[in-house]
Amino acid sequence: MPEIATVVAEPPSRPTAASEFTPLLRTVKGRGLLNRRQGWYALTIAGNALALAAVVAGIVLIGHSWWVLLLAPLLAVLCARTAFIGHDAGHSQITGNRSTGRAIGLVHANLLLGLSYGWWNDKHNRHHANPNHIDKDPDVKADVLVFTSGQTVDRTGFRRWLTRHQAWLFFPLTLLEGVALKIHGFQDLRRRPPRERPVEAALLIAHLAAYATLLLSTMPLGTALVFAAIHQALFGLHLGMAFAPNHKGMEMPDPDGEGWGHLRRQVLTSRNVRGGPLTDWFLGGLNYQIEHHLFPSMPRPHLRLVQPLVRAHCRELGISYAETGLVDSYRQALRHMYEVGEPLRVE
């Protein structure tokens, strides 16, 4: 009697990683949302440059008075705008020409801010490739802050105290971020490729020289030191407020688990912040963190346009799409850091 083969019905499989993202990418390309907005960026860059020039003129005119300190917060806000432009240049959002994009990045990062464009771009690209991956994302590497309970095990001394209280200390620590970014840039110069190192170094030194000359030649030493302290502290705080909501407290891929495709890797690890034009301006478009991670080269003004497409696509696939208000985004991020430090507070 012939043997009858037994056929076992397999459960329907989840769409492959590529098939999950491909339809969305096809729709986005078809609507021209990946096309660059060079006119928009030209106006943004020009407006930011004029505003910076106006503040510098104000410093020159009233530097002899303590009233000049009122310009320090304004300069901090404009420096954050400058950093957002450098960020967009690093993602090729402004232009497809690599040399032009690098030149824009070097001017806005190295020359205007004293931050290393090469160092930041390398670090940020590794973050984008594997967000919240404990072994591959430099932004969740245990340092001053830690992001998983496993990172608390070896904390001793002052770092252990920091971890216990990191949720309370997060925003105060961001006051030092502006200076820390400058220090990291100088430290990284020796690791820059030989052809990049001289330009990066020259622009960083030019920034420091111009900044010190501006302050010391227009105001008394005491006023200059207070101005620099306020400016750099608020600049760091502004950047911290822009970056804090993006990934902290979101999914962290299991290094030994099943690999996620591009769509899930970027969506599940990112959090959006609801808001209107003011939120978009204040956070430099990073409030559309999910869309930015899915399409890093998409120009900033298109992120709000692609959001409904991404949200609907995730809903169709049953993928969680995290979006909350600005204040609640900080609450969620700080709650996560508080919970990570919990084991050290109950010993």
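The values are calculated or read from the model by the stated rules, or taken from the named source; none is laboratory data. This is a predicted model, so every value here is computed, not measured. No Cβ is skipped: glycine too gets one built from the backbone with ideal geometry, and neighbour counts run over all protein chains shown. Keep in mind that these areas ignore ligands, DNA and RNA; they rest on the heavy atoms of the full protein, side chains included. Shrake-Rupley method; radii C 1.70, N 1.55, O 1.52, S 1.80 Å.
Based on this model, can you work out whether residue 276 counts as within 28 Å of residue 33 (Cβ to Cβ) and out of contact with any Pro (no Cβ under 6 Å at 6 or more places or on another chain)?
yes
Regarding segment 46-69, can at least one residue be identified that is under 17 Å from the mean Cα position of the chain (by Cα) and modelled with pLDDT of 95 or more?
For segment 46-69, residues under 17 Å from the mean Cα position of the chain (by Cα) and modelled with pLDDT of 95 or more: absent.
Of all residues being in a helix (DSSP H, G or I) and under 17 Å from residue 275 (Cα atoms) in segment 311-331, which is most open to solvent (accessible area, probe 1.4 Å)? Just the residue, please.
331
If you scan segment 45-70, which residues turn out to be in contact (Cβ under 8 Å) with a residue 24 or more places away in the chain and either closer than 23 Å to residue 213 by Cβ or open to solvent by 60 Å² or more (accessible area, probe 1.4 Å) (or both)?
Listed by number, the residues that qualify are 48, 51, 52, 56, 59, 60, 63, 64, 66, 68, 69.
Within segment 78-110, count every residue that is part of a loop (DSSP other than H, G, I, E, B), open to solvent by less than 30 Å² (accessible area, probe 1.4 Å) and in contact (Cβ under 8 Å) with a residue 60 or more places away in the chain.
Qualifying residue count for the region: 3.
Within segment 136-194, considering only helices (runs of 4 or more DSSP H) that don't extend past its boundaries, which have at least 1 residues that are among the charged types (D, E, K, R), surrounded by 14 or more Cβ atoms within 10 Å (Cβ to Cβ) and free of Cβ contacts under 8 Å to residues at least 60 places away in the same chain?
Helices (runs of 4 or more DSSP H) meeting the threshold: 157-164.
Would it be correct to say that residue 39 is part of a helix (DSSP H, G or I), surrounded by 15 or more Cβ atoms within 10 Å (Cβ to Cβ), of a type in the set (Gly, Ala, Ser) and at pLDDT 95 or above?
No; evaluated as a whole, the condition is false for this residue.
Hey, can you tell me all the residues within segment 222-236 that are loosely packed, with under 15 Cβ neighbours inside 10 Å and in contact with a helix residue (DSSP H, G or I) (Cβ under 9 Å, 6 or more places away or on another chain)?
225, 229
Residue-wise test of (1) part of a helix (DSSP H, G or I); (2) at positive phi; (3) surrounded by fewer than 18 Cβ atoms within 10 Å (Cβ to Cβ).
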{"site": "238", "(1), (2), (3)": "yes, no, no"}
{"site": "244", "(1), (2), (3)": "yes, no, no"}
{"site": "254", "(1), (2), (3)": "no, no, yes"}
{"site": "260", "(1), (2), (3)": "no, no, no"}
